[in-house]
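J.: Before we start, here is the structure in question, set down as structure tokens.
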Amino acid sequence: MNGVAPLLQVHNLKKYFPVQSGIIRRTVAYVQAVDEISFEVYQGETLGLVGESGCGKTTTGRLVLRLLEPTAGTVFFEGQNVFALKGEALKSIRRNMQMIFQDPYSSLDPRLPIGEAVMEGLNIHRIGTPQERFEIMLDTLAKVGLEPYHARRYPHEFSGGQRQRIGIARALALRPKFIVCDEPVSALDVSIQSQVLNLLKDLQQEFGLTYLFIAHNLSVVEHISDRVAVMYLGKIVEVASREELFHHPLHPYTKALLSAIPIPNPRLKRERILLKGDVPSPIRPPSGCRFHPRCPWARARCSEEEPLLREPATGHRVACHFAEELAH
Amino acid sequence: MPTEVKPQTEELSLRSVSLWQITWRRLFKRKSALVGFAMLGVLVFVAIFAPWIAPYDPYQVLIGVEDVQRREPPCIHVLGCPTDRPQHIMGIDGNVRDQFSRILYGARLSLIIGFSTVTFAIILGTILGAIAGFFGGWVDNIIMRLMDVLLAFPALLLAITIVTVLGPGLINALIAIAIVSIPAYARIVRASVLSVREQDFVAASRVLGGNPFYLLFRRILPNALTPLIVQGTLGIATAILDAAALSFLGLGAQPPTPEWGSMLGAERNQVFTAPHLVFYPGLAIMLTVLAFNLIGDGLRDALDPRLAHVSK
């Protein structure tokens, strides 16, 4: 995939949330939710973004779509800096970048029939005649497996899985190029999860979609992603293709995550890497490598010098001083 | 495709239920709310058809027209009043007018007072609260501190002050009452805008390309106004009561306007000699306020999201 210009390029993206306290609301500290991360997403691929709760995955997704303003950094989508756009230019780029939300209950307006919800983007962008919009809406509903008569119903009349498919239809109605999927299946039953994942895969094939797929479930990410980025405490610690990452993880944190995936075979013995303690506070992250207090292989250098994201093998980037030694 | 689809859409959509329909159904299951609606129905009927129901002109002084005295007690034929006497079911007031007709016309005025002040207050309060909640920052600070200043005074006292500045009269009293009730609505709208603003469907609309005004008026406000319905209904009751109080003090409706508060105020010294002249206007005010309070309570229960899945 080298040589091709990426569809989305994120460079040194940073988001600090101020922590205010006292009567005069003085800023006493910053939550370093996302700290100087860089990655790119290529046309037609799915980049999985994994990490535990509070590591900044969702913030990253929202920054990319400019639902949040960054503290620093840039996001280029098709060569345009998303954060430099205003008014009409921002509106027209939004046609091509959509989002699927985690919670299918709060992501649909309870007072809007779902047909209206799916047509909302078309109405905002004034695409075609009302009749054409109506037809696009019915067509999109059919694509996600809903019947035309559902269009007049309200969100509370649907199940969680159906609502998530409505959310997908809403994002899809504008026929975008790029969709941020913010944990789209984590609120669903396991039986519905695979259904929605397969739907996302099918739609990707049909419309040539590019996904930034945010999740905390590694099996889900393995199922859908082409490449995977692992986040820890606001930093990207490892980026690699799915096969590379799942079979030859380089970063200790990735290894620990992978060893935590349950295997449905009680006889199989394997080495478990158990992490001690909790994720440190993003207000005062550890010095040097942010993972060093919990890393079983930590050495003196880890607490002093912050490891940069480097590329020891082609297409496999990792932020660990001793990645090569730990590879075996 | 639409040709084969449309008939199906119409047929099956009959089963679709909006949130409003659910609310209505729940509302009509509450007896107290039904009683409130019945009372309000009677009031509205009386207010609309007052000229046809009222036996006399409410302004007409009956001296020389009929053989009646000032402050004559009620005379009801079926209850044994001699049939050769003219019938006045609520008696005669201090200016020799038919009290019953005046009470009927008073319903008109009270409903107008209640609805107009609350409408005015809700519109201004919603705009202020929505702007404060949606934009936040210093805009929020300025608007809400202003509202806090208004809230710091006792409502009726502030209304009296405003009327004193503007001069007595019904319209000025209405303006005063409306201004006094703005902060309550502004606060409610702000609070609910703040919570709805953070919902994912608002973010979804933003990603779809909606501008801030679209988000505020199309997505946030429709979902933020439910608490206002309850407060508005209860607010009508308060407004009627406040207007009656101002009129009682001589600051609102001026004689000879048939307003319950001013009727009460005019005859307040005759409580023991002619109790019917204070009893009926007082009763009318009480029943009207009760009706709105019952409806308001019923609405509060019917709109309560925590009961959303109980007793559909």
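The values are calculated or read from the model by the stated rules, or taken from the named source; none is laboratory data. Since the model is a prediction, treat every value here as computed from it, not as a measurement. Glycine also receives a Cβ, built like all others from the backbone with ideal geometry; neighbour counts cover every protein chain displayed. Ligands, DNA and RNA are stripped out before the accessible areas are found, and what is left, the full protein with its side chains, is counted by its heavy atoms. Shrake-Rupley method; radii C 1.70, N 1.55, O 1.52, S 1.80 Å.
J.: So, in the stretch A:97-106, of the ones that are farther than 16 Å from A:Leu174 by Cβ and either among the polar types (S, T, N, Q) or more than 8 Å from chain B (Cβ to nearest Cβ) (or both), which residue ends up surrounded by the fewest Cβ atoms within 10 Å (Cβ to Cβ)?
T.: My answer is A:Tyr105.
J.: Report, ordered by the first and then the second residue, all pairs with beta carbons closer than 9 Å, sequence separation of six or more or different chains, a first member in the stretch A:191-214 that is closer than 14 Å to A:Gly160 by Cα, and a second member that is among the charged types (D, E, K, R).
T.: Sorted first by the residue in the stretch A:191-214, then by its partner, the pairs are A:Gln195/A:Arg165; A:Val196/A:Arg165.
J.: Another question, if that's okay. In the stretch A:298-328, how many residues are part of a helix (DSSP H, G or I) and either surrounded by 18 or more Cβ atoms within 10 Å (Cβ to Cβ) or not polar (S, T, N, Q) (or both)?
T.: 8
J.: Would you be able to tell me the number of residues in the stretch A:84-129 that are over 16 Å from A:Lys177 (Cβ atoms) and polar (S, T, N, Q)?
T.: Matching residues across the stretch A:84-129 total 5.
J.: Please count how many residues of the stretch A:199-222 are within 18 Å of A:Leu141 (Cβ to Cβ), in a helix (DSSP H, G or I) and within 17 Å of the chain's Cα centre (by Cα).
T.: 1
This table checks each residue for (1) in contact with a His (Cβ under 9 Å, 6 or more places away or on another chain); (2) among the hydrophobic types (A, V, I, L, M, F, W, C).
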position	(1), (2)
B:Tyr56	yes, no
B:Tyr59	no, no
B:Val78	no, yes
B:Leu109	no, yes
B:Thr117	no, no
B:Ala121	no, yes
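J.: Scan the stretch B:157-187 residue by residue and report those that are open to solvent by 60 Å² or more (accessible area, probe 1.4 Å), of a type in the set (A, V, I, L, M, F, W, C) and within 21 Å of the chain's Cα centre (by Cα).
T.: Result: B:Leu157, B:Ile171, B:Ile175.
J.: I want to confirm something. Restricting to the stretch B:50-102 and keeping residues that are among the charged types (D, E, K, R) and open to solvent by 70 Å² or more (accessible area, probe 1.4 Å), which single residue is nearest to the chain's Cα centre (by Cα)?
T.: B:Asp57
J.: Also: Consider B:Leu146 carefully, then state whether it is in contact (Cβ under 8 Å) with a residue 24 or more places away in the chain and either in a helix (DSSP H, G or I) or touching a helix residue (DSSP H, G or I) at 6+ places or on another chain (Cβ under 6 Å) (or both).
T.: It is false that B:Leu146 is in contact (Cβ under 8 Å) with a residue 24 or more places away in the chain and either in a helix (DSSP H, G or I) or touching a helix residue (DSSP H, G or I) at 6+ places or on another chain (Cβ under 6 Å) (or both).
J.: Next up: Conditions first: (1) modelled with pLDDT of 90 or more; (2) more than 10 Å from chain B (Cβ to nearest Cβ); (3) within 24 Å of B:Ile220 (Cβ to Cβ). A:Gly121 passes all but one, so which condition is the exception?
T.: Here A:Gly121 meets the rest and fails (2).
J.: Hey, another quick one. Report whether or not B:Leu215 is under 29 Å from A:Ile127 (Cβ atoms), open to solvent by less than 50 Å² (accessible area, probe 1.4 Å) and part of a helix (DSSP H, G or I). Before you say what the answer is, go through the steps one by one.
T.: Numbers: under 29 Å from A:Ile127 (Cβ atoms): yes; open to solvent by less than 50 Å² (accessible area, probe 1.4 Å): yes; part of a helix (DSSP H, G or I): yes.
Considered against the rule, which asks whether it is under 29 Å from A:Ile127 (Cβ atoms), open to solvent by less than 50 Å² (accessible area, probe 1.4 Å) and part of a helix (DSSP H, G or I), B:Leu215 comes out as yes.
J.: So, of the residues in the stretch B:198-212 that are more than 7 Å from chain A (Cβ to nearest Cβ) and either within 17 Å of A:Ile166 (Cα to Cα) or part of a helix (DSSP H, G or I) (or both), which turns out to be most open to solvent (accessible area, probe 1.4 Å)?
T.: Here the answer is B:Pro212.
J.: Which of the residues that make up the stretch B:68-120 are acidic (Asp, Glu) and assigned to a loop (DSSP other than H, G, I, E, B)?
T.: Of all residues in the stretch B:68-120, those acidic (Asp, Glu) come to B:72, B:84, B:93, B:98.
Of everything in the stretch B:68-120, those that are acidic (Asp, Glu) and assigned to a loop (DSSP other than H, G, I, E, B) turn out to be B:Glu72, B:Asp84, B:Asp93.
J.: Out of the residues in the stretch A:50-65 meeting the condition of being open to solvent by less than 30 Å² (accessible area, probe 1.4 Å) and part of a loop (DSSP other than H, G, I, E, B), tell me which one is nearest to A:Phe17 (Cα to Cα).
T.: Quick first cut of the stretch A:50-65, residues open to solvent by less than 30 Å² (accessible area, probe 1.4 Å) only: A:50-51, A:55-57, A:59-61, A:63-65.
Subsequent filtering for residues that are part of a loop (DSSP other than H, G, I, E, B) retains A:51, A:55-56, A:65.
On the way: A:Gly51: 19, A:Cys55: 13, A:Gly56: 11, A:Leu65: 17 Å.
If we take residues in the stretch A:50-65 being open to solvent by less than 30 Å² (accessible area, probe 1.4 Å) and part of a loop (DSSP other than H, G, I, E, B), then A:Gly56 is nearest to A:Phe17 (Cα to Cα).
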